[in-house]
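A quick write-up on the structure given underneath.
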Amino acid sequence: MKRFRFHPSTCLVAAVVLGLSGNTSPAQTPAPPPPDHPAVTIHGQEFTPRSILARNMGTPEDQSTQFPPHKIVGNIYYVGTKTLSSFLIVTPEGNILIDSTYERNVRTIEKSVNQLGFKFSDIKILLGNHAHGDHQEGDALVKELTGAQVMAMAEDVPALKAMKPGGKEHPIDKVLHDGESVTLGGTTLVAHLTAGHTRGCTTWTTKAQEGGRTYNVVFSCSLRSPAVLTPPIVDEFNRSFKLVRSLPCDVPLGDHPAQYNLQGKYAKLHKGGRNPFIDAAGCRVEVDMEEAMFHAILNEQSRSKQ
């Protein structure tokens, strides 16, 4: 059961995350930290905007430290850092990478791909969840190293074009639209516009086969609300929450590992038994929390105008 509760007290967060918004690149001045109110309690845990950011981003070291690369399900692998997701989808005709993260992490992602026994140069398509530096700043370097075709949701193209690490132009080879499919080597991903966090925030869905069964995999885009909600953004989030809840899901993933409890699931991975990443019961946990926070921020904003 959802519980919405105003909580004015200070949330204790590691000082190293203060000032990190997840929206900045190293060349930009860090945004001020989000507020430590309102608070919501969902699934037995209390969250504030600041604690959600701290959970997602961790420390600067976490953002660049390799997490052990591993198979998730079927032909899908994790090749990201401790707090920034990057996924490799392997096909007979080449591979797909979702999220290059920061440019400084591209060589770390390459190392993870190699450790799994694949070639970085075999990446043919590069996709992203949304146009923030911690998820797509490295696109130009990935393209330089692999020649991959970079595809992006139309609504995020302006923000991506403004993302120029070291003065590099942001490559966009194909502009996608809501509901469009990307297919390579028998694997198809569908792009779902789940705007709010950015205008072109993209949730990707695909199917994976394992053990003679087919599973619905969802690569969620962040649904984290900004501090100020304007009517257009409210409309975007309302549509996105509804859409995400409608997606068939057996394997929930996200652009930050904490969104799907990577640490806890990975710890169970080598203990044998059922694949912990197949977690239909966990498919709505993140959207429950983010929607609760969205409504709490909206309610607080409405009260402040009275």
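The values are calculated or read from the model by the stated rules, or taken from the named source; none is laboratory data. Note that the structure is a prediction, hence the values are computed from the model and not measured. Reconstructed Cβ throughout: ideal geometry from the backbone, glycine too, with neighbour counts over all protein chains shown. For accessibility, only protein heavy atoms count, side chains too; no ligands or nucleic acids. Shrake-Rupley method; radii C 1.70, N 1.55, O 1.52, S 1.80 Å.
Can you confirm whether region 271-286 contains a residue that is in contact with a Gly (Cβ under 6 Å, 6 or more places away or on another chain), at pLDDT 95 or above, buried (at least 21 other Cβ atoms within 10 Å of the Cβ) and in a helix (DSSP H, G or I)?
Checked against the condition, which is being in contact with a Gly (Cβ under 6 Å, 6 or more places away or on another chain), at pLDDT 95 or above, buried (at least 21 other Cβ atoms within 10 Å of the Cβ) and in a helix (DSSP H, G or I), region 271-286 yields no hits at all.
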(request) Only residues in region 289-301 that are among the β-branched types (Val, Ile, Thr) count as the first member; pair them with residues that are open to solvent by less than 30 Å² (accessible area, probe 1.4 Å) and in a helix (DSSP H, G or I), Cβ under 8 angstrom, at least 6 apart or cross-chain, and list the lot. (result) Ile297/Pro49
(request) Of all residues in region 179-211, count the ones that are buried (at least 16 other Cβ atoms within 10 Å of the Cβ), under 21 Å from the mean Cα position of the chain (by Cα) and under 22 Å from Asp250 (Cα atoms). (result) 17
(request) Considering only residues that are open to solvent by less than 10 Å² (accessible area, probe 1.4 Å) and touching a strand residue (DSSP E or B) at 6+ places or on another chain (Cβ under 6 Å), look in region 82-93 and name the one that is farthest from His170 (Cα to Cα). (result) Ile89
(request) Kindly check whether there is at least one residue in region 47-57 that is over 20 Å from the mean Cα position of the chain (by Cα), touching a residue at least 60 places away in the same chain (Cβ under 8 Å) and open to solvent by less than 50 Å² (accessible area, probe 1.4 Å). (result) no
(request) Report, by residue number, each residue of region 236-263 that is open to solvent by less than 10 Å² (accessible area, probe 1.4 Å) and farther than 18 Å from Ile98 by Cα. (result) Phe237, Ser240, Phe241
(message) I'd like to check something: does region 195-203 contain any residue that is touching a Pro at 6+ places or on another chain (Cβ under 9 Å), in contact (Cβ under 8 Å) with a residue 40 or more places away in the chain and of a type in the set (Ser, Thr, Tyr)?
(response) no
(message) Which of the strands (runs of 3 or more DSSP E) found entirely inside region 107-187 contain at least 3 residues meeting this: touching a residue at least 24 places away in the same chain (Cβ under 8 Å)?
(response) 123-127, 149-153, 174-176
(message) Restricting to region 84-95, and then to whatever is assigned to a strand (DSSP E or B) and touching a Ser or Thr at 6+ places or on another chain (Cβ under 7 Å), can you tell me which residue is farthest from Leu116 (Cα to Cα)?
(response) Thr91
(request) Mind listing whichever residues of region 238-262 are of a type in the set (A, V, I, L, M, F, W, C) and outside any strand (DSSP E or B)? (result) Phe241, Leu243, Val244, Leu247, Cys249, Ala258, Leu262
(request) Any chance you could count how many residues in region 212-235 are assigned to a strand (DSSP E or B) and either of a type in the set (Val, Ile, Thr) or surrounded by fewer than 19 Cβ atoms within 10 Å (Cβ to Cβ) (or both)? (result) 5
(message) Condition (residue is within 18 Å of the chain's Cα centre (by Cα), within 18 Å of Ile89 (Cα to Cα) and not hydroxyl-bearing (Ser, Thr, Tyr)) applied to region 153-171: is it met by at least one residue?
(response) no
(message) Residues to consider are Lys174, Lys124, Lys164, Lys111; find the one that is basic (Lys, Arg), open to solvent by 10 Å² or more (accessible area, probe 1.4 Å) and touching a His at 6+ places or on another chain (Cβ under 8 Å).
(response) Lys164
